[in-house]
Each structure stands twice: as structure tokens, then as C-alpha cells.
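Notes for the one structure printed next.
Derivation of every value follows stated rules applied to the coordinates shown; laboratory data play no part. What you see is a predicted model, and the numbers here were worked out from it, not measured in a lab. Backbone-built Cβ (ideal geometry, glycine too); neighbour counts: all protein chains shown.
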Amino acid sequence: MNRLVSISILLLLTITLTGCNLFDSKNELPIEMAAFNSLTNKEKDLIPVSPKDSVVEKVTVNSENKSLIDKDYDKGEVYSVTFNNTETYSSGKLTIFVDLDKKTVVGKGFTNS
């Protein structure tokens, strides 16, 4: 009987801790939110709906996007987060470039993609 009680208590404790995410150490911020958090208030005002209204792509660093990326960034690929409905008459869509670690912003600007 004592063993049954111990197992029940351990099971209940495990379920409780799992529900509180105490075992989950991988609470990573989505790429879109890492990009959104790097924006100025003026840039955030350009996003009419939600940061989730964006397109995330892994792209190659090339001559078209190199000028928008930090000159010290030396990797060949980067994630681009392009926020929908941010284009104006004089510019393209607001695009943020995030390192492959999915949290370090390495550049931003307006693109025609």
C-alpha cells in the first residue's frame, strides 16, 4: 500500500511540474518575435495586424541583401523576416535579418520581395 501511495504522489508531482513548464527549458522566442522586438516604435507602427503576419525564410547572403546586413556578419545564410502590409509608396516591405541562432538580429531594411 505504501508503494502505491508513493507512485501516485510522484505521478501527480510530475504532472504538476510538467504543466508548469518547469521541465521545459526550451522556451525559445519565435523568430518573428525576435525580429519584432528589435524594431523602433515607428517601425512597429508600420505593422497593421500582428508580428505573426510575416514570412520567414532562410536566404543566402548575396549582393541584393548584403547592404542591409551588418558588415561584420560573416555567415553565408541568414533568416529573413518580411512583415506583410508594411510597404509604402516610397519603399518596399520591412525586412529583418536574423542570424541562424534564431535570436540575433543582424540587419534590417526595406526590400522589394
- Note on the structure: Over the chain, the quotient of the Cα radius of gyration and 2.2 N^0.38 Å is 1.59
- Rounded to 5, percent antiparallel among DSSP beta bridges of the chain: 100 percent
- Exposed chymotrypsin sites (Phe, Trp or Tyr not before Pro) being those in a DSSP loop with at most 15 other Cβ atoms within 10 Å, the longest stretch of the chain free of them is 24-72
